[in-house]
Amino acid sequence: MDTRKPSLEPGPDAAHPAPARYAFPWDDALALGLGALRWSPAAFWAATPREFAAALGRRAGPEPMTREAFERLLVAYPDPT
């Protein structure tokens, strides 16, 4: 009987490739946090990724649809009811 834990199983096979991994851009993050934002090192390391993004003016998601774009969709795809 195989008693190995799932976490010890070999990695994904060719049919299920692992997602691409990219290194975090620490140099850029440090330059922004300590330089542009003028945070202390303690403030930088205490900040969550969400707080860091908010301080940089990044939004959590895409811009909301404008009323004009919504009106164009209504014309292109009218409600049949």
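What follows is calculated from the coordinates using simple rules that are stated; it is not laboratory data. These numbers were taken from a predicted model, which means no experiment stands behind them. Every residue, glycine among them, receives a Cβ derived from its backbone with ideal geometry; neighbour counts consider all protein chains shown.
If you go through region 50-68 and keep only what is part of a helix (DSSP H, G or I), surrounded by 10 or more Cβ atoms within 10 Å (Cβ to Cβ) and free of Cβ contacts under 8 Å to residues at least 12 places away in the same chain, you end up with ARG50, GLU51, ALA53, ALA54.
Filtering region 69-81 down to residues that are hydrophobic (A, V, I, L, M, F, W, C) and over 29 Å from the mean Cα position of the chain (by Cα), which residue is surrounded by the most Cβ atoms within 10 Å (Cβ to Cβ)? Residue satisfying both the conditions and the ranking: LEU74.
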